[in-house]
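The values are calculated or read from the model by the stated rules, or taken from the named source; none is laboratory data. Note that the coordinates shown come from a computational prediction; the quantities given were computed from them, not determined experimentally. Reconstructed Cβ throughout: ideal geometry from the backbone, glycine too, with neighbour counts over all protein chains shown.
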Amino acid sequence: MYRILISSMAVSCFAIPALAKDVPLFLKDKVYSTDPTKCGDATEDDSLQLSKEGIFGNEFGCTFLSFKQEADKDTGQIYLAVGHANCGDDSGINRPDNITLIPQDENTITVQSQNEYIISEAQILLSQRLPEGTKLADSFPDYVSRDYKICK
């Protein structure tokens with residue numbers, strides 16, 4: 001009896017990816033990227049890959065745990081989904097996030113993060129004086145709001 005209880009407790013401590021039935025249709029069996037020329041490429045750049053499992057990049061990742069979807073009341077068409085995610089980076093610290101996924105068309109999804117850690121890091125960097133010519137994408141993960149294009 002105690003083994004079953006301990007096993008159940010151990011299993012409940014691990015993150016479980018979003019169930020297939022919860023995944024929005026616009027994510028099923030598709031992969032999107034912030035740079036479609038780098039789809040599936042594990043290079044050390046700032047591109048991020050989006051799939052039903054989550055958002056992943058170099059030393060960064062968010063695993064989707066569940067989804068809630070909003071549909072048009074007249075047509076039933078899904079116009080946005082919110083993914084509850086567990087995000088982490090190479091620091092070893094994990095943070096919860098609510099990620100809004102808004103399909104723009106069949107090839108583009110706008111992703112917006114509510115992760116306060118990333119937003120506050122961006123604000124700190126924006127308040128600092130950056131060297132002239134520095135692009136913000138080179139200064140912090142351009143993740144708070146970004147378009148992802150489908151990988152073909």
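Data overview
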item: Where a residue in the range 46-73 is over 18 Å from Asp89 (Cβ atoms) and aliphatic (A, V, I, L, M) and its partner, wherever it lies, is modelled with pLDDT under 90 and not in a strand (DSSP E or B), with Cβ under 8 Å and at least six apart; result: Ala71/Gln77
item: Breaking point among (1) at pLDDT 85 or above; (2) surrounded by fewer than 15 Cβ atoms within 10 Å (Cβ to Cβ); (3) within 19 Å of Phe26 (Cβ to Cβ), for Ser145; result: (1)
item: Qualifying residues in the range 71-84 (those that are over 20 Å from Val144 (Cα atoms) and β-branched (Val, Ile, Thr)) - the one surrounded by the most Cβ atoms within 10 Å (Cβ to Cβ); result: Ile78
item: Filter pass, Gly57 being out of contact with any His (no Cβ under 7 Å at 6 or more places or on another chain) and surrounded by 13 or more Cβ atoms within 10 Å (Cβ to Cβ); result: yes
item: Condition check for Asn98: closer than 17 Å to Ser145 by Cβ and either in contact (Cβ under 8 Å) with a residue 12 or more places away in the chain or outside any strand (DSSP E or B) (or both); result: yes
item: Which listed residue, of Phe14, Phe60, Phe56, Phe67, is modelled with pLDDT under 85, within 17 Å of Ser113 (Cβ to Cβ) and of a type in the set (Phe, Trp, Tyr); result: Phe60
item: Test for Lys68: is it more than 18 Å from Ser145 (Cα to Cα) and surrounded by 14 or more Cβ atoms within 10 Å (Cβ to Cβ); result: no
item: Where Asp45 falls short, out of the listed (1) modelled with pLDDT of 60 or more; (2) within 16 Å of the chain's Cα centre (by Cα); result: (2)
item: Criterion (more than 9 Å from the chain's Cα centre (by Cα) and part of a strand (DSSP E or B)) met by exactly one of Leu50, Leu65; result: Leu65
